[in-house]
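All remarks here apply to the structure that follows.
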Amino acid sequence: MSITTPPPRPSSARGDNRSSGPPSGAIQPNAVWNAEQVRSFCTWALDTSRPWALAWSILARTGLRTGELLGLEWHDVDLDAGTLTIRQALHYSKAAPHGQRPGFKPPKHDHVRTILLDATTREHFAAIKGQRLELPAALGTEHRDLVFPPGNGRSASQSALLSAFRRDQELYSAANPTAELPRLTVKDLRHTHAALLLALGTDLRVVQERLGHSSPDVTYTTYTHLMTATRQGGTKWPDYLGEAV
């Protein structure tokens, strides 16, 4: 189901004397992909065995922050229940000594959350588990349970993830010269997830909980201006999120 008007602003965001501008700290993204663009890019990445192919699809299907993705451990993933619990995020400190720069901290706002996964995302996690790599000692033995450890052409840091995503978009465009694909950052996959959910008519508070926002007002102000863009080219993902919302 697509919608033709933005959802009503949540009651917590209303008030005769309140500004209509974004909440403090809110950033409005400028570009997202529609469902067909997500499907085309992720299918290409998987078919060409790009090192982070499964991560791109998981990010688009879950709305995780990049640090949250890199902080996932296997005890956070319940394939039987189809849930994912976000307990921590990778934090990379340039000020720390070499060998101690990657570390982990609670998610933003200290908001531990559990989200539902669609069938394809569960298959992605099962595939990753099947090819699980041993985590190098540099990150500490207590973190050998990471879902995305370094290895197989991957370097587990937000900057490395961004470089890999940019490179994959360049390769995709070279292989598909007629395809329209706005250039995104990795964070824009999170924005894409949210905008597609809203365009499908998902309750605002469900989107807020999936993203770990501090309030529905932040979710509304950040994403409603992008909903027209996500409707163009279709918003119904064949199996995306059908079980998740």
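Report, by chain and number, residues whose modeled amide H sits under 5 Å from the one on PHE104, excluding near sequence neighbours (fewer than 5 apart, same chain).
HIS91
Sorted by packing (mean other beta-carbon atoms within 10 Å per residue), highest first, where do 189-197, 172-180, 81-89, 60-68 land?
Ranked by mean Cβ neighbours within 10 Å, highest first: 189-197, 60-68, 81-89, 172-180.
All other residues with a Cβ under 12 Å from the Cβ of HIS193 taken together, and with Lys, Arg as +1 and Asp, Glu as -1, what is their net charge?
Around HIS193, the surrounding residues sum to +3.
May I ask you to compute the full-extension gain from HIS75 to ALA126, defined as 0.36 nm times their residue separation minus their alpha-carbon distance, rounded to one decimal in nm?
Gain in length upon complete extension: 17.1 nm.
Net charge near LEU211: determine it from the other residues with C-beta under 14 Å of the C-beta of LEU211, scoring Lys and Arg +1 and Asp and Glu -1.
+3
Mind giving me the FRET efficiency for ALA31 and ALA179? R0 is 22 Å, r the Cβ-Cβ distance, nearest 0.05 is fine.
Calculated value: 0.90.
So for the pair LYS105, LEU46, with labels modelled 7 Å out along Cα→Cβ, what separation do we get in nm?
3.5
Could you work out how far apart the two model spin labels at SER163 and ARG87 are, taking each label as a point 7 Å from the Cα in the direction of the beta carbon, and quote it in nm?
The modelled label-to-label distance comes out at 3.1 nm.
So what's the net charge close to ARG113: Lys and Arg +1, Asp and Glu -1, counting the other residues with Cβ under 12 Å from its Cβ?
0
Each value in this text was obtained by applying a stated rule to the coordinates, not by laboratory testing. Small disclaimer: the values here were computed from a predicted structure and weren't measured. FYI the Cβ positions are ideal-geometry reconstructions off the backbone, even for glycines, and counts take in every protein chain you see.
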